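Data first, discussion second: the structure below is written as structure tokens.
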Amino acid sequence: QDHVCSLPKVPFRGAPCSDAAGRQVPYGVIMKQVNSSLSGVLWDEEQKSPFYEYKDSLGHFHQVWYDDPHSISLKAAYVKNRGLRGIGMWNGNSLDYSGEAGAEQQTEAMWQALTP
């Protein structure tokens with residue numbers, strides 16, 4: 001309801017709804033799941049990040065936050081515009097390197113987004 005995260009707050013592990021109470025999902029899985037989610041792609045203007053919501057087979061509600069080429073390019077542009085020395089990313093091996101056409105295009109777009 002109202003896109004409120006229901007994960008418990010875990011101290012000293014970052015923001016609410018961080019990996020402290022959740023788990024990491026590969027980008028390829030996210031790209032397949034977002035299209036069949038309850039919400040479709042949602043956008044958080046403060047975080048400049050997309051997210052979506054779904055219910056699993058047991059009826060449990062889930063909220064998935066991720067970066068895509070658009071959100072990465074905004075963050076990379078922020079770094080560049082402020083003359084900062086670089087940008088880091090959490091986990092490049094979560095991209096889909098299977099060689100499938102769609103996956104290859106998504107992975108290339110993510111890497112390209114790092115160079116605004």
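The values are calculated or read from the model by the stated rules, or taken from the named source; none is laboratory data. Bear in mind that the values here come from a model prediction, so they are computed numbers and not experimental data. Every residue, glycine among them, receives a Cβ derived from its backbone with ideal geometry; neighbour counts consider all protein chains shown. Quick note on the areas: whole protein, heavy atoms, side chains included, nothing else; ligands and nucleic acids left out. Shrake-Rupley method; radii C 1.70, N 1.55, O 1.52, S 1.80 Å.
Descriptive notes on the structure:
- Using the Cβ-Cβ distance between residue 91 and residue 43 with R0 set to 25 Å, the FRET efficiency works out to roughly 0.70.
- Overall Cα dimensions of segment 19-114 - principal axes, largest extent first, Å: 48, 33, 23
- With contacts taken as Cα pairs under 8 Å and at least 6 residues apart, segment 19-114 reaches a relative contact order of 24 percent.
- Counting 0.36 nm for each residue step from residue 36 to residue 100 and taking away their Cα separation leaves a gain of 21.0 nm.
- Computed accessible area, residue 45, all protein chains, 1.4 angstrom probe, square angstrom: 110
- Estimated inter-spin distance, residue 57 and residue 111, nm [label 7 Å along Cα→Cβ]: 3.5
- Counted by Cβ distance under 14 Å from residue 32, the other residues give a net charge of -3, where Lys and Arg count +1 and Asp and Glu count -1.
- Where segment 19-114 is the region considered: accessible area per residue in Å², 1.4 Å probe: 66
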